[in-house]
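Step one of this worksheet: look at the structure below.
The values are calculated or read from the model by the stated rules, or taken from the named source; none is laboratory data. These numbers come from a predicted model, not from an experiment. Every residue, glycine as well, gets a Cβ built from its backbone with ideal geometry; the counts of neighbours run over all protein chains shown.
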Amino acid sequence: MMNASFDKPILTLTDAAAIQAKKLMDKGAESAAIGLRVGIKTAGCSGLQYQVEFAQEQKPFEDKIEEKGVTIFIDPAAVMFLIGSEMDWQEDKFASSFTFNNPNETAKCGCGESFSVA
């Protein structure tokens, strides 16, 4: 789904991210989750950090994205930082997490936990 005021979608999902999101939603069904919420928070050495959590309702002014069978709500404060981003799921033998390929990032900390934009 595209926001009418932007040329690019706010966020797209890779197949791996969609599969993991569906797994999480199946586990979160007992918590009445209707989707995942993506936002950002001030944290880390570069200033901003992605935040993914269960959403039990659509909050006012949130964008709703439905892609590959997954419902994602975008925190309105995060939209300008996320436009054109791709959400992925990465796993290795030490960690697994959602990752973001974000064309708006201007710097990332060494550990990859936080980012900044100009």
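At-a-glance table
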{"item": "Residue, nearest to the chain's Cα centre (by Cα), within the stretch 1-35, restricted to residues that are at pLDDT 90 or above and hydroxyl-bearing (Ser, Thr, Tyr)", "result": "12"}
{"item": "Scan of the stretch 65-86 for residues that are within 19 Å of residue 26 (Cα to Cα) and aliphatic (A, V, I, L, M), ordered by number", "result": "65, 70, 72"}
{"item": "Condition check for residue 59: more than 13 Å from residue 17 (Cβ to Cβ), part of a loop (DSSP other than H, G, I, E, B) and modelled with pLDDT of 95 or more", "result": "yes"}
{"item": "Qualifying residue in the stretch 79-99 (condition: touching a Gly at 6+ places or on another chain (Cβ under 7 Å), more than 16 Å from residue 17 (Cα to Cα) and either at pLDDT 85 or above or part of a strand (DSSP E or B) (or both))", "result": "no"}
{"item": "Counted residues, the stretch 9-63 - those being within 20 Å of residue 84 (Cα to Cα), surrounded by fewer than 16 Cβ atoms within 10 Å (Cβ to Cβ) and of a type in the set (Ser, Thr, Tyr)", "result": "0"}
